[in-house]
C-alpha cells in the first residue's frame, strides 16, 4: 500500500493529459480558405468566372449582365460529410457575397450556397430556379441537394414568403424554413435589422451544422457574427448527405437581371474558427453610387412649381403623340392587310404579343435585298438585318396558306415563350397578307450553322473545329434539347435536330434553332402521332418512318446522328455512299469503329473520341427503348469519361441517374446489351464476354468494337471540363 499515492498521482496525470489533449481532426479533414479566388481550385460551369483583380482582390462572378444567365462554382475536390450511414459530420462555412442591380434592368434572381453529389449544370435551369434545379429534378429526393438560398424574387410556386428572404432548401426550391433577410444585433433589447440583399452591399453569411442543428446567420461584412442566428432548425442530414459531396455556389438570372458575386469563402468540417481568418474589410464595393445631400427648401419649391408646369405641357404633348400614333397604326394595319387594332389574334394578346411591323422588318433588311440574303431552303429564305440597334436574322416563309398560319400561330404562342441559353432566341413575328406571308425574327448568329464548320464543300469554314470545341457544341445542343424535354411545363419535341439547325454565335456557343416542325406534347402521354412523316432524311428514327409517331426518343435519335456527324465529319446522307448510321454501325461490328473518326481529329484523345462515338451509336439504336434519355446524355457528356462509379451510386442520384452512371459513361450497359442484340455482327464479336455475364461492361464493349486500340482501365479515366 506504500505505493498507493504514487499510483493515484500517476493515474490523475494520465487522465488529465487525455482530457486536455485536443481532439484530432477527422481522417478526411477539409479546410477551404479563399480570401479572393483562384480558378485552379474551382470547377466553373456556365457563366461563372473569376474576374480580374479589383483593389487587389479577385471575386467570383456567378452570372453575367444578360438574361437567362446561369453559373455554378464548386470546390474542385469533394469534401467528407458523413462518418457513417447514420452520422453526419459537423461543418462550418462562411462567405461574403454581393448582389447588385444592373442599370436599366429589373433585378433578379437569387444566389445559393449548395452541397451536390454531382458536378456540372446538367440538372439546373435559370430564372426562378436559380441554377439549382430543373422542373424535372425540383422536389426529387434523389437529387440529394442541400442549399441555403438568398432570394430576391417572391415566387408563389415555391411558397416564398417575400422578395427578400433567406431559406433552407432540401431537394426543392420550396424551403423547409425561411426568414426575411436581416440580423439580430447583440444586446437584450436590440430590434431586428432588415437587410436588402441586392442593394450591392457586401454581406457575410455563416452556415453551421452540429449535432443535428443547422444555423444560418448573416450581417453586413465587417461586423462580428451575431450571437442569435437568423435561422435555426433541426435537420438530420445523414439522410441527405453522401459520404462526400461537392460544395459551392450557384446563381441565375431570367428576364430579371443582376450581378451575383462571392468575394471570399471558408469551409471546414473540423475547425469552427476558420471563418475568423476571412478578410472582411477593405473589400471592393459594388454598391451603386448614393445620391447627394438635400437641397434648400426654396430650390425645392421652385422645382416643384416648374414640375407641375412641365407635367401639364407633357400631358398635352403625349395626347397629341398618342393620337398621331393611333392614326399611323391604322394606316400601317390597312397597308399590311390587317384591320386596325382588332387585327391582333386572340392567341397573340393572351400569350406572346411580339408582332413587329412589316415596315420595320423591310427597312432592317434593305427591302429584303439579295445582299442581305444569308440562307435559302425549301420552306423560305433567311436575311440578315439591323432591327432596333440589334443584329437579327429574318426568316420569310415560302408558303402562305391559312392552314400553315393556324399551325404557325399555335406553335408561336407556345414556343415563343421558350427561353434558354442554348436555343435560338425568337424576337418576334409579322404577317402581311398582301404578297408577304409569314415572317419570323430571330437573334443573329455570327458564325452561322454548324453545318459549314464540320462538312467540306462550298461555303465551308476554312479552319476545322478542334475536339474541345466540338465537345462544347455537343454539350450545348444536348442542354437545349434537355430543356425542351424536361425544363418546361409541357414537353416540346423538336423533330428536326440536325447540323444545319444548330447555330453558332460569335463565341462559338451553340444554339438549337428552326422550330418549324416542333410540337408540344403532354408529359406521360404516348407518342405524338401525325398524319404524315415529318423530319429530315437520315435523321428520322426508324419508328417515325414506320408509324409517324414522334417521342422524346426520336429526338434522342436525331441527336445521336448529329453526334456521329460531328465525330465523323460526314453528312447523314451522301449520294453514292451508305447512310452514316449504317456505315458506323457496320465498322463497329467489324471492330473497326475508330476508322469512322474524322481525320481532322487525329491527335485528339482517342479514348474520349471513341467513347463519344459509342454514345452516338447508343442514341441511334434501332430499339427506341434502348436509347438513353436526354438527361442521361447530358450527364454522360459532362463526364468524367470512363471514370469508375461507386457501388452506392444508385443511392446517391436515384435509379435513372444510376442507370446513366453504370452505362452512359458506358452509355448504360443494359441499353448497350439491348441495342447490340439487333446487330448480329456485334453480338458475335462479343460472344465470349456474354457467356460470363448478361450485359457487357463499358471496358468489354470498348475492347470488342475497338480492338485496334489497347487501353487499360486507367487509360479511360479522364476528367471532364
Any residue in region 306-323 that is within 45 Å of the chain's Cα centre (by Cα), modelled with pLDDT under 70 and surrounded by 10 or more Cβ atoms within 10 Å (Cβ to Cβ)? no
Mind checking whether some residue in region 24-31 is in a strand (DSSP E or B) and in contact with a helix residue (DSSP H, G or I) (Cβ under 7 Å, 6 or more places away or on another chain)? yes
Does residue 196 qualify as being surrounded by fewer than 19 Cβ atoms within 10 Å (Cβ to Cβ), out of contact with any strand residue (DSSP E or B) (no Cβ under 7 Å at 6 or more places or on another chain) and in the same structural domain as residue 99 (by the TED database)? yes
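Residues are listed down the side, and each one gets a yes or a no for (1) in a strand (DSSP E or B); (2) out of contact with any strand residue (DSSP E or B) (no Cβ under 8 Å at 6 or more places or on another chain):
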site: 463; (1), (2): no, yes
site: 468; (1), (2): no, yes
site: 483; (1), (2): no, no
site: 492; (1), (2): yes, no
site: 495; (1), (2): no, no
site: 500; (1), (2): no, no
site: 507; (1), (2): no, yes
site: 516; (1), (2): no, yes
For residue 488, the lone unmet condition from (1) at pLDDT below 75; (2) surrounded by fewer than 18 Cβ atoms within 10 Å (Cβ to Cβ) is (2)
Any hit, region 201-211, residues being within 22 Å of residue 54 (Cα to Cα), in a loop (DSSP other than H, G, I, E, B) and in the same structural domain as residue 80 (by the TED database): yes
Residue match in region 58-65 (condition: under 23 Å from residue 216 (Cα atoms) and more than 28 Å from the chain's Cα centre (by Cα)): no
May I ask you to say which residue of 128, 92 is surrounded by fewer than 23 Cβ atoms within 10 Å (Cβ to Cβ), assigned to a strand (DSSP E or B) and in contact with a strand residue (DSSP E or B) (Cβ under 9 Å, 6 or more places away or on another chain)? 92
Just need a number here: residues in region 165-176 that are closer than 17 Å to residue 115 by Cβ and surrounded by fewer than 18 Cβ atoms within 10 Å (Cβ to Cβ). 1
Restrict the check to region 148-164 and report whether at least one residue is surrounded by fewer than 23 Cβ atoms within 10 Å (Cβ to Cβ) and touching a helix residue (DSSP H, G or I) at 6+ places or on another chain (Cβ under 7 Å). yes
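Are any of the residues in region 543-550 modelled with pLDDT under 90, buried (at least 20 other Cβ atoms within 10 Å of the Cβ) and assigned to a helix (DSSP H, G or I)? Give the steps one after another, and end with the answer.
Initial filter on region 543-550 (modelled with pLDDT under 90): 543-550.
Narrowing the set further to residues that are buried (at least 20 other Cβ atoms within 10 Å of the Cβ) leaves 544, 550.
Still in the list and also assigned to a helix (DSSP H, G or I): 544.
There is at least one residue in region 543-550 that is modelled with pLDDT under 90, buried (at least 20 other Cβ atoms within 10 Å of the Cβ) and assigned to a helix (DSSP H, G or I).
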Before we move on, is residue 118 under 15 Å from residue 235 (Cβ atoms) and surrounded by 16 or more Cβ atoms within 10 Å (Cβ to Cβ)? no
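The values are calculated or read from the model by the stated rules, or taken from the named source; none is laboratory data. Here the structure is a predicted model, which is why all the values come from computation and not from measurement. Neighbour counts run over all protein chains shown; Cβ positions are idealised from the backbone, glycine included.
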